[in-house]
Amino acid sequence: MDDPNRSIECTVSKCRYHCGGCDYCSLSAVQIGSHEEQPYCAECVDCRSFEPKD
Ligand code: SF4
């Protein structure tokens, strides 16, 4: 299991950078962005560092 970065909580267990046993990211930093021109709620915002698990 990768080391959790306790500054980045994440529940996306299908991401290859998710820690698996706990809800944290294993990266030292992530990039956040939006797929909306005018984001207005949390669902408009995405983690751009996401990569699917193999
Ligand atoms: S890269 Fe993004 S989606 Fe993937 S575990 Fe880290 S914070 Fe979550």
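Right, residue 38: out of contact with any helix residue (DSSP H, G or I) (no Cβ under 6 Å at 6 or more places or on another chain), exposed (fewer than 10 other Cβ atoms within 10 Å of the Cβ) and not small (Gly, Ala, Ser) or not? The answer is yes for residue 38. Can you pull out the strands (runs of 3 or more DSSP E) entirely within the chain that have at least 3 residues that are free of Cβ contacts under 8 Å to residues at least 24 places away in the same chain and within 11 Å of the ligand (Cβ to nearest atom)? It comes to 5-9.
Collect the residues in the stretch 11-35 that are aliphatic (A, V, I, L, M) and open to solvent by 100 Å² or more (accessible area, probe 1.4 Å), keeping them in residue-number order. Scanning the stretch 11-35 gives a single hit, 32.
The values are calculated or read from the model by the stated rules, or taken from the named source; none is laboratory data. If you're wondering where the values come from, they're calculated on a predicted model, not measured in any experiment. Positions of Cβ are generated from backbone atoms using ideal geometry, with glycine treated the same way; all protein chains shown enter the neighbour counts. Side chains included, ligands, DNA and RNA excluded: accessible areas come from the protein's heavy atoms. Shrake-Rupley method; radii C 1.70, N 1.55, O 1.52, S 1.80 Å.
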